[in-house]
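Q: Take a look at this one; I'll ask things after.
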């Protein structure tokens, strides 16, 4: 049994000439493709290629924009993490300062009471008390800052 011959391509003509070459183009009704048909196919291919190129350029620009946004978001996240660490550190320091300030304020108040007969020393105790209140205000501001971070 002989295998049946492969169907002849309508683009290939006898003599290995392509259907689009000048030597093979005939103006018969049996030709599947004419020059006009091939021109339409080539034009359609070119249109698709141009659209794909524009899509590629658009996608490349979008990828670049998204990479830039990602970089910015990562930088912002890094800064936020640093600020959070700074806030925790500030809160810890404020707590450590606040406890001794409370003791100093307590003892300054006791000195003010005890030094009724010594106005010069009593004034020194009042200055200590005022300075401690100023430092407590600073500590409150630092704690408020740390909470806002």
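Q: Write down the radius of gyration of segment 86-129 and its Dmax, each obtained from C-alpha positions, in Å.
A: Final numbers for Rg and Dmax: 14.4, 47 Å.
Q: Taking the simple approach of a point 7 Å from Cα along Cα-to-Cβ for both residue 126 and residue 59, what is their distance in nm?
A: 8.1
Q: Right, another one. Work out, step by step, the length gained on full extension between residue 148 and residue 69: first 0.36 nm times the residue separation, then minus their alpha carbon distance; give nm to one decimal.
A: Numbers: separation 79, 0.36 × 79 = 28.44 nm, distance 2.57 nm.
Working it through step by step, the gained length comes to 25.9 nm.
Q: Compute the convex hull volume of the Cα atoms of segment 71-145, divide it by the residue count, and report the result per residue in Å³ as a whole number.
A: Values: hull volume 4.7 nm³, N = 75.
Each residue corresponds to 63 Å³ of Cα convex hull volume.
Q: Once the piece of chain linking residue 51 and residue 89 is laid out straight, how much longer is it, given 0.36 nm per residue of separation minus the C-alpha distance between them?
A: In short, 8.0 nm is gained.
Every number here is computed from the coordinates shown, using simple stated rules; none is lab data. In this text, all values refer to a predicted model and were calculated from it rather than measured experimentally. All Cβ positions, glycine included, derive from the backbone under ideal geometry; neighbour counts span all protein chains shown.
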